[in-house]
Amino acid sequence: MILDSFDLTGRVAVVTGGNQGLGRAFARGLGEAGALVAVLGRTAAHNEAAVAELVQDGIRAAAFTADVTDKASLEAAADAIEATLGPVDILINNAGTCIHRPAFEVTDDEFAEVMNVNVTGVWNGSQVFGRRMAAAERGVIVNVGSISAQIVNRPQWQPAYNASKAAVHQLTKSLAAEWAPLGIRVNAVAPGYVRTEMAPVDKPEFRRFWIEDAPQQRAATPEEIAPSVVFLASDASAFMTGSVLVIDGGYTVY
Ligand code: NDP
């Protein structure tokens, strides 16, 4: 039956930045599809709170504290996840950060921080978990890119973020090509504006550009992006790799 191909029963999924915003919705979506979910982030209390909600709803989940910019902490988390939930089948590289500021005002440290979390974080996660997936000859990675990889957001400037997300899209394609023979699929989602702490979509100063410029005339909820992540994580997308799935209410048609 067609819906069986979306079923993730028994698969182990890791969601970086899974304790709030988009990552939290992805963790729930994967869990509702049957996966055992590892919620990974830097803030232990936030990870625990997110897991408590999932467990309350019958999802098998566990919290792991790690920083995606610190490969050793990711290796330690990977060992702990494997010991607690089992070998990892699915990695969602979701952790990310953004700074809204004109280019001349962005410090070198701020630029480095955005690239470090958004690009090196995806690299670290992919390498740490990808190596284990390669040994098992199967695995799925979903990177969280952005429409900012292909448009320049306005009225606020965010040069480092835009460059970082373009790198995420190209890294997705590079790893997809290299790892397809190893049984690992690598795809990305590219969301438009989604109501989270990172994107203050209800601020009046952004409405003209973020909302009115979108054909659907609204922002998304994290729950509207989650089904696409479940799709890319599941056998329903078995013949997809190296793709970037845009989910933006039509924003990038113009
Ligand atoms: P939030 O700021 O709400 O959440 C970010 C999450 O990432 C938190 O869980 C945070 O947890 C975690 N995180 C940040 N830095 C690190 C780190 N170094 N190591 C581990 N975890 C980290 O953001 P969103 O939910 O809005 O964004 C999630 C992803 O979606 C990002 O990649 C973002 O770029 C992307 N995106 C968002 C859009 C939007 O409109 N909101 C649109 C397009 C893409 P903790 O602080 O505990 O580590």
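The values are calculated or read from the model by the stated rules, or taken from the named source; none is laboratory data. This structure is a prediction, so every number in the text was calculated from the model and none was measured. No Cβ is skipped: glycine too gets one built from the backbone with ideal geometry, and neighbour counts run over all protein chains shown. Ligands, DNA and RNA are excluded from the accessible area calculation, which covers all protein heavy atoms including side chains. Shrake-Rupley method; radii C 1.70, N 1.55, O 1.52, S 1.80 Å.
Tabulated results
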{"quantity": "Accessible area (Å², per residue) of the chain, counting only protein heavy atoms and a probe of 1.4 Å", "calculated": "46"}
{"quantity": "Simple Cβ-charge dipole of the stretch 2-244, Lys/Arg +1 and Asp/Glu -1, about Cα centre, in debye nearest 20", "calculated": "400"}
{"quantity": "Lysines whose Cα lies under 27 Å from that of Lys173, excluding same-chain neighbours fewer than 8 positions away", "calculated": "Lys71, Lys165"}
{"quantity": "Highest average packing first - 228-236, 56-64, Cβ atoms within 10 Å", "calculated": "228-236, 56-64"}
{"quantity": "Given charges at beta-carbon only (K, R positive; D, E negative), |dipole| of the stretch 138-254 in Debye", "calculated": "180"}
{"quantity": "Among Ala78, Gly125, Ile59 - extreme Cα towards positive end, dipole of the stretch 2-244, charges at beta-carbon", "calculated": "Gly125"}
{"quantity": "Radius, Kirkwood style, for the stretch 43-130 when every pair of distinct Cα atoms is counted (Å)", "calculated": "14.6"}
{"quantity": "Computed lengthening from Ser5 to Glu105, 0.36 nm per intervening residue step minus Cα-Cα distance", "calculated": "31.2 nm"}
{"quantity": "Cα centroid separation - the stretch 168-211 against the stretch 20-89, whole Å", "calculated": "20"}
{"quantity": "Selection from Ile247, Ile225, Met198 lying farthest towards where the dipole of the stretch 114-251 points positive, charges on Cβ", "calculated": "Met198"}
{"quantity": "Cα-centre dipole for the stretch 126-194 with unit charges at Cβ (Lys and Arg positive, Asp and Glu negative), debye to 20", "calculated": "60"}
{"quantity": "Longest DSSP-loop-exposure-free segment, GluC sites (Glu not before Pro), the chain, at most 11 other Cβ within 10 Å", "calculated": "1-136"}
{"quantity": "Farthest positive-ward along the chain dipole, Cα basis, beta-carbon charges - from Gln20, Gly139, Ala49", "calculated": "Gly139"}
{"quantity": "Partner aspartates and glutamates for Lys203 [C-alpha distance under 19 Å; skip if fewer than 8 residues away on the same chain]", "calculated": "Glu212, Asp213, Asp248"}
{"quantity": "With every protein chain in place, the chain: carbon and sulfur % of accessible area (1.4 Å)", "calculated": "55"}
